[in-house]
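So the structure is just underneath, and the comments pick up after that.
The values are calculated or read from the model by the stated rules, or taken from the named source; none is laboratory data. Note that the structure is predicted; figures quoted are calculated from it, not measured. Cβ coordinates were reconstructed from backbone atoms using ideal geometry, including for glycine residues, and neighbour counts include every protein chain displayed.
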Amino acid sequence: MRLVPLFIDASYMERAEEPLTVNTPEIRQPSLENSTMENLKRQKETVFSLVQVKGTWKRKAGQNVKQGIKGRVSAAKIYESTSSSGTTWTVVTPVTFTYTVIQTKNLLDPSNDTLLLGHIRDTQQLEAVHSSTKPLKRFIVMDEVVYNLYGSQVTNYLKARHVLYRILPLPTTEENKSMEMALKILEEVHQFGIDRRNEPIIAIGGGVCLDIVGLAASLYRRRTPYIRVPTTLLSYIDASVGAKTGVNFANCKNKLGTYIAPVAAFLDRSFIQTISRRHISNGLAEMLKMALMKHRGLFELLEAQGQFLLDSKFQSGLVLEDDRINPASVSTRVAIETMLEELAPNLWEDDLDRLVDFGHLISPELEMKVLPALLHGEAVNIDMSYMVYMACEMGLLTEQEKFRIICCMLGLELPVWHQDCTFALVQKSLCDRLQHSGGLVRMPLPTGLGRAEIFNDTDEGILFQAYKKWCDELSTGSIQ
Ligand SMILES: NC(=O)c1ccc[n+]([C@@H]2O[C@H](COP(=O)([O-])OP(=O)(O)OC[C@H]3O[C@@H](n4cnc5c(N)ncnc54)[C@H](O)[C@@H]3O)[C@@H](O)[C@H]2O)c1
Ligand SMILES: [Zn+2]
């Protein structure tokens, strides 16, 4: 037997002839503790791109190495700096999320592919699925109430499509929105067994169901794709289009959660026909939020058609089948578009200046205080109503605009005032906001109908004046 000399592959030590030494101010300095000034001085800081050659990734010095390179170049970079105490590597790697929001009709009609295949964007992958004889496999979690109403349609759909399936109906109420329920889902998913590459978990229900399933999926095997099928108005225009998942914890709303977007959300308005009138108003509050912040046309539509939307439960009927003019499809489309505009560039909420926070500064405190008396959207509306008075007091809105907004809220059958929304509660909420928003209150306020800005200089006197006027004018219910 011949002894082969041990070969050390030192290629990972390779450096380009002229490494690019860059100044990267975002790179953290080494800890000051136990460091001498000598240690603090970086001797060299080098940026490496990553290139895939024959299946392995190699570092290549330089910020932009695409020119003349045949292999794949990653968008990730490694910054290396050396000091007398050692080497520091800082990895900067962009994470991309791609998800599709599809408005569809007849989602549960077996001839509609969306529920099973709507999340697949790659045409080759889609063709492969179509030509395969292997049955598809899906794990589905449904809100129990929704299961009682639509379970047989879902079952018929899956049977007609020869899917291997397991439906798990659960009482996904706000009180049950817990880690225990997420774990229960995970146990069932594990027993059923799914391939995390191509067998997404499907959640069908209101915002609570979508949030819990989203969290469970983002934990299973570190990130299993999931699909949202919203069945309430609120979840249709709000919970289904973003990336947030979560459960309540330690008596706090959504304290545990992740920012993992679904692979897709499939929206079918027909589910909304079975929700109560109060829950339609609840969803309309989040829609009104987007209208007041960003879209005058949507505000005017809600002003004129609010009652119609409530009466028709967002169903078109035969007369208004044309999606370009029917208020249900126009309003939901605009609400989703405006929501996506605000969410897509800030999916992980790194930017704390968020117009979508309108109505969410005081409402969490109020909602928890009176639980379960107010639904989320109702608490949001009470918050928005007070903020409209603030905006008016600050000269951002005219009296007439204020009046129109309050009348619109009342037309949507939403509460505009609440006795438990005391001035002390307002102050406490804004103090909490200051603490958790980097020392600024970041208060979104309307500056006209369908226009808004973020304000940080809120004067205590104006806050109180607005509060007083708000109580004087609205506590008696005289504006109707
Ligand atoms: N992830 C997000 O970005 C996001 C955004 C907004 C709200 N949320 C969360 O969403 C939750 C509120 O959502 P929600 O208002 O949909 O509440 P919900 O999920 O509690 O549903 C409301 C009620 O309607 C019932 N229901 C659902 N669909 C039905 C249907 N088609 N017909 C008849 N009854 C039906 C449910 O059983 C429930 O009783 C909150 O927990 C909130 O934190 C999340
Ligand atoms: Zn909300």
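Couple of notes before you dig in:
- Condition met for Ala291 (within 22 Å of Ser312 (Cβ to Cβ), buried (at least 19 other Cβ atoms within 10 Å of the Cβ) and out of contact with any Phe, Trp or Tyr (no Cβ under 8 Å at 6 or more places or on another chain)): no
- In region 383-414, the qualifying residues are those that are within 16 Å of ligand 1 (Cβ to nearest atom) and under 25 Å from the mean Cα position of the chain (by Cα), and the one that is nearest to Ala452 (Cα to Cα) is Met384.
- Positions within region 149-171 being closer than 23 Å to Arg221 by Cα and within 16 Å of ligand 1 (Cβ to nearest atom), in sequence order: Ile167, Leu168, Pro169, Leu170
- Verdict on Gln427 being over 28 Å from Thr232 (Cα atoms), within 23 Å of the chain's Cα centre (by Cα) and either surrounded by fewer than 19 Cβ atoms within 10 Å (Cβ to Cβ) or not hydrophobic (A, V, I, L, M, F, W, C) (or both): no
- Some residue of region 181-200 being under 22 Å from Ile237 (Cβ atoms) and among the polar types (S, T, N, Q): no
- Meets criteria (away from ligand 2 (no atom under 16 Å from the Cβ), touching a strand residue (DSSP E or B) at 6+ places or on another chain (Cβ under 6 Å), closer than 15 Å to Val263 by Cα and in contact (Cβ under 8 Å) with a residue 12 or more places away in the chain) for Ile204: yes
- Pairs where the first residue, in region 421-444, is more than 24 Å from Lys469 (Cα to Cα) and the second is not hydrophobic (A, V, I, L, M, F, W, C), C-beta under 6 Å, 6+ apart: Leu440/Asn456
- Of all residues in region 344-364 being of a type in the set (Asp, Glu) and within 15 Å of ligand 1 (Cβ to nearest atom), the one that is farthest from Glu286 (Cα to Cα): Glu349
- Every pair of residues 6+ apart whose Cβ atoms lie under 8 Å, when the first sits in region 84-106 and is at positive phi while the second is surrounded by 15 or more Cβ atoms within 10 Å (Cβ to Cβ) and not in a loop (DSSP other than H, G, I, E, B): Asn106/Ser270
- Neighbours by Cβ (under 7 Å, 6+ apart or cross-chain): first from region 281-301, in contact (Cβ under 8 Å) with a residue 40 or more places away in the chain and closer than 10 Å to Cys408 by Cβ; second aromatic (Phe, Trp, Tyr) and within 16 Å of ligand 1 (Cβ to nearest atom): Leu292/Phe358
- Selection of region 461-480 for residues being among the aliphatic types (A, V, I, L, M) and in a loop (DSSP other than H, G, I, E, B) yields only Ile479.
- Residue within region 112-128 that is in contact with a Leu (Cβ under 8 Å, 6 or more places away or on another chain) and touching a residue at least 60 places away in the same chain (Cβ under 8 Å) present: yes
- Check on Leu108, under 30 Å from Ile140 (Cβ atoms) and buried (at least 17 other Cβ atoms within 10 Å of the Cβ): yes
Results for (1) over 17 Å from Thr100 (Cβ atoms); (2) surrounded by fewer than 24 Cβ atoms within 10 Å (Cβ to Cβ), shown as yes or no for each residue.
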| position | (1), (2) |
| --- | --- |
| Ala217 | no, no |
| Thr232 | yes, no |
| Ser240 | no, no |
| Ala243 | no, yes |
| Asn248 | yes, yes |
| Asn251 | yes, yes |
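- Put simply, of Thr332, Thr398 the only residue that is away from ligand 2 (no atom under 14 Å from the Cβ) and in contact with a Phe, Trp or Tyr (Cβ under 8 Å, 6 or more places away or on another chain) is Thr332.
- Search result, residues across region 215-239 that are within 16 Å of ligand 2 (Cβ to nearest atom) and part of a helix (DSSP H, G or I): Leu233, Leu234, Ser235, Tyr236, Ile237, Asp238, Ala239
- Taking the criterion of being among the hydrophobic types (A, V, I, L, M, F, W, C), part of a strand (DSSP E or B) and surrounded by fewer than 16 Cβ atoms within 10 Å (Cβ to Cβ), the residues of region 83-104 that qualify are Trp89, Val91, Val92, Ile102.
- Checked against (1) of a type in the set (S, T, N, Q); (2) near ligand 1 (Cβ under 8 Å from one of its atoms); (3) farther than 14 Å from Thr173 by Cα, Thr232 passes all but condition (3).
- Exactly one residue among Leu302, Leu284, Leu292 is modelled with pLDDT of 95 or more, away from ligand 2 (no atom under 16 Å from the Cβ), within 21 Å of Asp357 (Cβ to Cβ) and of a type outside the set (D, E, K, R), and that residue is Leu302.
- Screening His162 with (1) at pLDDT 95 or above; (2) exposed (fewer than 13 other Cβ atoms within 10 Å of the Cβ); (3) assigned to a helix (DSSP H, G or I) gives one miss only, at (3).
- Qualifying residues in region 344-368 (those that are more than 16 Å from ligand 2 (Cβ to nearest atom) and either without any contact (Cβ under 8 Å) to a residue 12 or more places away in the chain or buried (at least 20 other Cβ atoms within 10 Å of the Cβ) (or both)) - the one farthest from Phe455 (Cα to Cα): Ala344
- Gly242 part of a loop (DSSP other than H, G, I, E, B), out of contact with any Lys or Arg (no Cβ under 9 Å at 6 or more places or on another chain) and either farther than 17 Å from Met181 by Cα or away from ligand 2 (no atom under 16 Å from the Cβ) (or both): yes
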